[in-house]
Structures are given as structure tokens and as C-alpha cells.
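Let me begin by presenting the structure, written as C-alpha cells, before commenting on it.
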Amino acid sequence: MYNISLKNLSIGLHTYEYELDRKFFEAIDGDEVRKGNVKVTVSVRRTSSMFEFDFDIKGVVQVPCTRCLDDMNQEVETKNRLIVKFGKEYSEESDEIVIIPEDEGEINIAWFLYEFIALTIPIKHVHPAGECNRMISSKLRKHRAVSAEDGEEDEDEIGDEEEFIDEEGTPPTDPRWDVLKGLDIDEN
């Protein structure tokens, strides 16, 4: 389904459309994305010596939240380009240039689609504040470290700041550092 026969393409522009769903992501068996609903438009422009692929990808994929590991929706939108040329054997000349054997005359774009999607996902992807799994958030809160400089945690790292303030209105501190508060250190 994701094979595009290049041998028989006439010179000019050709357009292909795909809808990537759960079956696509399960078949690819990638590490990052397992489910999703993504629309892809692929434009192939053939010239006398090469094929220029333009990918327009837009949709939503489900990835595990970096904080609580529950699935979360992550929007993806990207435009990518790939140049394909005929040669004697398959090789990837660069991130954008691929050589395919002329006797095969076709290219399977499934893995390219998956890579383009996976590369748009931010390194850190977390639920919006207050939507993380409560049980995991409470365990994370129990074992978190507090900045020694100002006694405050990074709100993005843990979640809603008001969840972590105790009854007296001050953020809790790590008792291992309390002994250092009494030291008198003169700056020279």
C-alpha cells in the first residue's frame, strides 16, 4: 500500500493520499508511537533524472506522557522533502537523498512516514497541568528533589505547584538538606 512505483510514473506531478491509523503504527512497530490518526499527502514530481517527494503530514498520535506514562494525544504537523534517484543498489546518500535500484523501480515510503512523524514529537511530552495520573503524580511528588537555591521545584517537571504546598503555605523541603541551613558560610 505504501509502495510507489517510480518506473511507470510520467514526468510531472503525481499526488497520493494516506490515512495512518492504529494498524499502520502497529505494523511499523516503532518505539515512540503506537496509535494515531494522521493524514498524509505525498506529492511526487518526476523530472528526467530524479523524483522529488513532498510530504505534508498532519494529525494526532498517542504517546506515553513523560511524567506519568499514561497515553496522551500529541498533535503532529510537518512538511518534509525526499529526493529519490535510480542507481545500482539501495543507499541513503543523506537525510534527504535516497538511491534505489533501477531494476526494482519502486520505493516503500512507510518507514519514512513514521520517521517524519516521530521526529516532530517533542523530547518532553506531558499532559496539561492536572491531567496526569494522580497515583503516579503522588509517588513522583513523594520522591522529588527540591532546588537548593530557592527551595522551589520546577513547575513543568512535577505539575501543578499548588499541589505541592503544605498547610502552612510553604513548599516542603528535602530533610536531607535541612542540616545545611544552619551553616554560616561567609563569601570571600
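Summary of computed values
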quantity	calculated
Residue match in region 53-67 (condition: under 17 Å from Asn8 (Cα atoms), within 25 Å of the chain's Cα centre (by Cα) and surrounded by 13 or more Cβ atoms within 10 Å (Cβ to Cβ))	yes
Unmet criterion (only one of (1) within 27 Å of Leu69 (Cα to Cα); (2) surrounded by 13 or more Cβ atoms within 10 Å (Cβ to Cβ); (3) at pLDDT 70 or above) for Trp111	(2)
Residue within region 29-41 that is surrounded by 16 or more Cβ atoms within 10 Å (Cβ to Cβ), assigned by TED's automatic domain parsing to the domain that holds Lys7, in contact (Cβ under 8 Å) with a residue 24 or more places away in the chain and assigned to a helix (DSSP H, G or I) present	no
Enumeration of residues in region 21-52 that are among the hydrophobic types (A, V, I, L, M, F, W, C) and either more than 23 Å from Glu106 (Cβ to Cβ) or within 22 Å of the chain's Cα centre (by Cα) (or both)	Phe24, Phe25, Ala27, Ile28, Val33, Val38, Val40, Val42
Scope region 52-85; condition touching a Lys or Arg at 6+ places or on another chain (Cβ under 8 Å) and under 21 Å from Leu6 (Cβ atoms); matching residues	Glu52, Phe53, Asp54, Phe55, Asp56, Ile57
Neighbours by Cβ (under 6 Å, 6+ apart or cross-chain): first from region 1-26, among the basic types (Lys, Arg); second not in a strand (DSSP E or B)	Lys7/Gly105
Long-range neighbours under 6 Å by Cβ, at least six apart or interchain, first residue under 14 Å from Phe55 (Cα atoms) and in the same structural domain as Arg46 (by TED's automatic domain parsing) within region 100-123, second of a type in the set (S, T, N, Q) and surrounded by 19 or more Cβ atoms within 10 Å (Cβ to Cβ)	Phe116/Asn80
Positions within region 86-101 being farther than 23 Å from Tyr18 by Cα and out of contact with any Lys or Arg (no Cβ under 7 Å at 6 or more places or on another chain), in sequence order	Phe86, Gly87, Lys88, Glu89, Tyr90, Ser91, Glu92, Glu93, Ser94
Gly87 vs. criteria assigned by TED's automatic domain parsing to the domain that holds Glu19, surrounded by fewer than 16 Cβ atoms within 10 Å (Cβ to Cβ) and on the phi > 0 side of the Ramachandran plot	no
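The values are calculated or read from the model by the stated rules, or taken from the named source; none is laboratory data. Here the structure is a predicted model, which is why all the values come from computation and not from measurement. FYI the Cβ positions are ideal-geometry reconstructions off the backbone, even for glycines, and counts take in every protein chain you see.
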